[in-house]
1. For region 84-91, state whether one or more residues are more than 19 Å from Ser184 (Cα to Cα) and of a type in the set (D, E, K, R).
2. For region 240-293, give me each residue that is in contact with a Leu (Cβ under 9 Å, 6 or more places away or on another chain) and among the aromatic types (Phe, Trp, Tyr).
3. Output yes when any residue across region 166-173 is outside any loop (DSSP other than H, G, I, E, B) and either of a type in the set (D, E, K, R) or touching a residue at least 60 places away in the same chain (Cβ under 8 Å) (or both), and no when none is.
4. Of the conditions (1) under 20 Å from Val174 (Cα atoms); (2) exposed (fewer than 10 other Cβ atoms within 10 Å of the Cβ); (3) modelled with pLDDT of 95 or more, Pro22 satisfies every one except a single condition; which number is it?
5. What is the one condition in (1) without any contact (Cβ under 8 Å) to a residue 60 or more places away in the chain; (2) assigned to a helix (DSSP H, G or I) that Leu205 does not satisfy?
6. Go through the residues of region 153-160 one by one and say whether even a single one is within 22 Å of Asp79 (Cα to Cα), touching a Phe, Trp or Tyr at 6+ places or on another chain (Cβ under 7 Å), modelled with pLDDT of 95 or more and not basic (Lys, Arg).
7. Determine, yes or no, whether Leu205 is crowded, with 18+ Cβ neighbours inside 10 Å, more than 18 Å from the chain's Cα centre (by Cα) and more than 30 Å from Ala170 (Cβ to Cβ).
8. Quick one: count up the residues across region 116-154 that are part of a helix (DSSP H, G or I) and either hydrophobic (A, V, I, L, M, F, W, C) or within 17 Å of the chain's Cα centre (by Cα) (or both).
Amino acid sequence: MRGHGALSCAGPSRATRKLRGPPGSVPEGRFLLRQTGGTIVRKTNILDLGKMKAEGSKIVMITAYDALFSRIFDECGVDVILVGDSLGMVVLGHPDTLNVTMDDMVRHTEAAARGRRRAFLMADMPFLSYQASTADAVRNAGRLLQAGAEAVKLEGGRNAASMIRAIASADIPVMAHIGLTPQSIHRMGGYRVQGKTDPQRERLLDDAAAAQEAGAFSLLLEGIPASLAAEITQALSIPTVGIGAGPGCDGQVLVMQDLLGLFDEFRPKFVKRFGELRKPVEDAVSAYAAAVRDGSFPGREHSF
């Protein structure tokens, strides 16, 4: 993604009307987990996320790939931690997400699960972990739950409806992801904003309807015009989370390295850097290296 434009919408379309789910209240409830030492932690679950949509409370989601940052973000009070396949680019050094494997996702999900106590934990299904068959989709989604995730996310709407339905039917919560889907960059011709033309807009409205009807509990909207994201959000009965989709979604997600100012390879338009941590890290490591080389570290106070 390099940015997104705006798209005016003249009233709800036929595809929008298809999105509206049956009326009804969202059940309340949080699981109470007793931790060591007798501390009781209020555990976020998917019912809470639905309740947040109903009440108009914004959902805060952030990526994490290890126990340390998962614990830090959990203590900051985020609602959802996503172990994203973005780890391929920001952790493993790949040029895109296509080389991320199930073993990669399981390993990092296990690590993130060990760090958090309260936040809802979700894990991405990597490329080719669900596209080949519904059996693969259910099996691999199950592996991520066994690793500690409480839900999985896969890319696709209408084209992935059978996979979404199979995973949901196996009692595994699944979030769908439409718009700019990084696993489809070659089909899309790169990281391009989606939904700017009328045919693309109608397709995304249909994708959202199909995902909800197939049993997705939530929808991620990436790289689409803000007006379209708001229209989808208002029409759906399930919560939406946006990235590069404007302020009208039920929540927002950013990659941790982007919002912390650690990843400089490119800076998408939709990213706000809430910190600039790369320079302090560089300064600290440079100071350490200089101290080792000039003999000032370790000093007497650091020695036994």
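The values are calculated or read from the model by the stated rules, or taken from the named source; none is laboratory data. These numbers were taken from a predicted model, which means no experiment stands behind them. Positions of Cβ are generated from backbone atoms using ideal geometry, with glycine treated the same way; all protein chains shown enter the neighbour counts.
1. no
2. Scanning region 240-293 gives Phe270, Phe274.
3. No, region 166-173 contains no residue that is outside any loop (DSSP other than H, G, I, E, B) and either of a type in the set (D, E, K, R) or touching a residue at least 60 places away in the same chain (Cβ under 8 Å) (or both).
4. Every condition holds for Pro22 apart from (3).
5. All conditions are met except number (1).
6. yes
7. Taking the combined requirement at face value, the residue does not satisfy it.
8. Adding up the residues that qualify gives 6.
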